[in-house]
1. Can you report the number of residues in region A:23-49 which are within 16 Å of residue B:57 (Cα to Cα) and in contact with a strand residue (DSSP E or B) (Cβ under 7 Å, 6 or more places away or on another chain)?
2. Contact list please: Cβ distance under 6 Å, first residue in region B:46-75 and more than 7 Å from every other protein chain (Cβ to nearest Cβ) and more than 13 Å from residue B:35 (Cβ to Cβ), second residue surrounded by fewer than 21 Cβ atoms within 10 Å (Cβ to Cβ) and modelled with pLDDT of 90 or more, pairs at least six apart or on different chains.
3. Considering only residues that are free of Cβ contacts under 8 Å to residues at least 24 places away in the same chain and either loosely packed, with under 15 Cβ neighbours inside 10 Å or not in a helix (DSSP H, G or I) (or both), which ones fall in region A:238-274?
4. Confirm whether residue B:199 is touching a residue at least 40 places away in the same chain (Cβ under 8 Å), in a helix (DSSP H, G or I) and touching a helix residue (DSSP H, G or I) at 6+ places or on another chain (Cβ under 6 Å).
5. Just checking, how many residues over region B:137-169 are farther than 30 Å from residue B:99 by Cβ, touching a strand residue (DSSP E or B) at 6+ places or on another chain (Cβ under 7 Å) and touching a residue at least 40 places away in the same chain (Cβ under 8 Å)?
6. Given the criterion more than 21 Å from residue B:40 (Cβ to Cβ) and either touching a helix residue (DSSP H, G or I) at 6+ places or on another chain (Cβ under 8 Å) or more than 7 Å from every other protein chain (Cβ to nearest Cβ) (or both), identify the matching residue among A:20, A:78.
7. Tell me which of these residue A:25 doesn't satisfy, since it passes every other one: (1) in a strand (DSSP E or B); (2) within 12 Å of chain B (Cβ to nearest Cβ).
8. Which of (1) more than 10 Å from every other protein chain (Cβ to nearest Cβ); (2) closer than 22 Å to residue A:159 by Cα; (3) part of a helix (DSSP H, G or I) is the odd one out, the single condition residue A:114 does not satisfy?
């Protein structure tokens, strides 16, 4: 029996991190999770999460990413490092530096877990932001010869799917939705546990070495108009659709203050330009998860909406 | 630089366990601590302890010793297993079974951390009790060829030293003490952190392979009469000493119900028969810690009493 790769997840308590930790532990990989201090929180939800990790046999360790020595010691215990930190730039560089010092890592999955911004036609300030945590790190990994896999999982179902992408909403609307652009750009939403499953399958797969893993299953690749139509069928009622034309979106980006301008610019890239889907996956650069792992029965976003009817 | 042995401590939250975990982590050994479920307690003292472990970079994992699969997975991460469980017999067998399944352990330190009961002249029921967690396990380890070190650390300072071995006392008496036998049998008390330090030094030392490590530093080897005299000097006052002759102790063992009879029988072995010290260490079977590691500046029990004056 081949030894299963040992995995370290940095950023384990986030939405993606917890799914990756659980998928890893459940599939029998010795799994280490770094928790930021204070490691055991007085927050009951975090405590329950950590308790659940430990029940799965996860090795919990406190790691302050700013204490390189600690990070190197933890990295030395494993084969694969998966970063799901949500404060990308500086933390990612700290992690890369620790991986280089440790010298034993067979694969690094940096924290992207979103769009493949390398293919994005974003305007500023999104363009610079993307470069800081993606393009620059990507170049560094190649230069230093650190084996990597980028996971581009696009949107998480738990993010805005259930609100029909209406920021601030607390339930899917039954009256009216606001849509950026013409609503026909295709986007991708995936359930968090599927993202965990695909990530763990890919992390030591030779077919994903130094490539991007795109999680873009056909059934979950649809436009905002499609999402709204699906919801309308479920509730048996048509919604008022208010479209904001691209010109108006670009003006909002120019007029908004930081960090709102960044949020608008990212939304523009994804919902107006369709940057999650407007490119063919170049086989020498990337692979698509549902094609690579056809045995994974992923959840569809159409099912996902059922619970909110 | 040689890789430091990786250590798993089973029973990490006990008095001995926590000292061993801390000594291991502080000396740079990758250290794993198994915590019984619920892994994160609502007990603030335990939570603080676990938080402290994580601050030292310890890998915390939940382990139910009765789930062999979990135990085997954890054991596979390390080189050395140290058991400090306080429910000796069954748990020790579960651990030995898991070590045999895992097949990678370079040294096992079973939970003794008390007297070397192999040299004891105990009466029943202590004799049978000792055999169950010591003699039988010892034989099994030899038969199966599992490399081991037994740590005989004798008494912990935090047990009864500060009460002058007066069970139930909440402070050292300034009036009267009860002493079993004639009070001249030599016993050994050691500070918990010294026990941790010696244990970690010994755990991968070739000189302790398949031997007993006796922690019996000369300054901490003294009789109950000596302890009481030391205390009298500190407080400038003589105590009334009430001696219980051996015959009367033996009668108490016969008359007491379980488990009190066991407590009396163990006390008889140690305080009347002097079973912690009444034998010379046979070099082919054991080594003494303060001789083997003269660089360790252990704390003396005489200092230990100062804080209670």
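The values are calculated or read from the model by the stated rules, or taken from the named source; none is laboratory data. Remember, it's a predicted structure, so these values are computed and weren't measured experimentally. Note that each Cβ is placed from the backbone with ideal geometry, even for glycine, and that neighbours are counted across all protein chains shown.
1. First, pick out the residues of region A:23-49 that are within 16 Å of residue B:57 (Cα to Cα): A:31-40.
Narrowing the set further to residues that are in contact with a strand residue (DSSP E or B) (Cβ under 7 Å, 6 or more places away or on another chain) leaves A:31-35, A:37, A:39.
Number satisfying all stated conditions: 7.
2. B:72/B:101; B:72/B:102; B:75/B:102
3. A:238, A:247, A:248, A:251, A:254, A:255, A:256, A:257, A:259, A:260
4. Judged against the criteria, residue B:199 is a match.
5. First, pick out the residues of region B:137-169 that are farther than 30 Å from residue B:99 by Cβ: B:157, B:160-169.
Applying the additional criterion that residues be touching a strand residue (DSSP E or B) at 6+ places or on another chain (Cβ under 7 Å) yields B:157, B:161, B:164, B:166.
When the remaining residues are screened for being touching a residue at least 40 places away in the same chain (Cβ under 8 Å), the result is B:157, B:161, B:164.
Residues meeting the conditions: 3.
6. Numbers: A:20 fails: more than 21 Å from residue B:40 (Cβ to Cβ).
One residue alone meets the criteria, A:78.
7. Residue A:25 satisfies all of (1) in a strand (DSSP E or B); (2) within 12 Å of chain B (Cβ to nearest Cβ) except (1).
8. The failed condition is (3).
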